[in-house]
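Sharing a structure here in structure tokens format.
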């Protein structure tokens, strides 16, 4: 998997995260909610169902070469979201502010961009252009 594939994974993760955490704006407010918040309104099973797309974001991070500590941090974000989301009402309010999917997509973007910029700094040919000896 090359740098372009990793960036595509980031874009895919960000699309999923926006749908899950910020798809809709509550009229008259600046508050955005997503399908995660809506599913969370269904007691017990709603938060568990919302884990599937969230886990896919973590899988995309793994496929993009994220180190174990980053995968662990992403898992922690999901765990907090899931456990607190199980508490009626409090979990629903918390979920609107926590936005674990957007947090995880941002962690993945940060990792991929840092890795790609480090690779580009080491080798000018990784930028997609051939190295030129005399510009």
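Calculate the radius of gyration of the Cα atoms of region 37-86 to one decimal place, then report Dmax, the largest Cα-Cα distance, as a whole number, both in Å.
Calculated on Cα positions, Rg and Dmax stand at 11.8, 35 Å.
What is the gain in length, in nm to one decimal, between residue 71 and residue 52 on full extension, counting 0.36 nm per residue of separation less the C-alpha to C-alpha distance?
My answer for the length gained is 5.3 nm.
Measuring from label point to label point, each 7 Å out along Cα→Cβ, what is the residue 32 to residue 62 span in nm?
So the two model labels end up 2.8 nm from each other.
According to a simple spin-label model (label point 7 Å from Cα along Cα-to-Cβ), what is the distance in nm between residue 93 and residue 11?
In this crude spin-label approximation the distance works out to 4.0 nm.
Mind giving me the nanometre distance, one decimal, between the label points for residue 41 and residue 110, set 7 Å out from Cα along Cα→Cβ?
With each label point 7 Å from Cα toward Cβ, the separation is 3.2 nm.
What is the Cα convex hull volume of the chain when expressed per residue in Å³?
Taking only Cα atoms, the chain has a hull volume of 110 Å³ per residue.
Here, each number is a calculation from the coordinates, and none is a lab measurement. This is a predicted model, so every value here is computed, not measured. Neighbour counts are summed over all protein chains in view; Cβ atoms, including those assigned to glycine, are modelled from backbone coordinates with ideal geometry.
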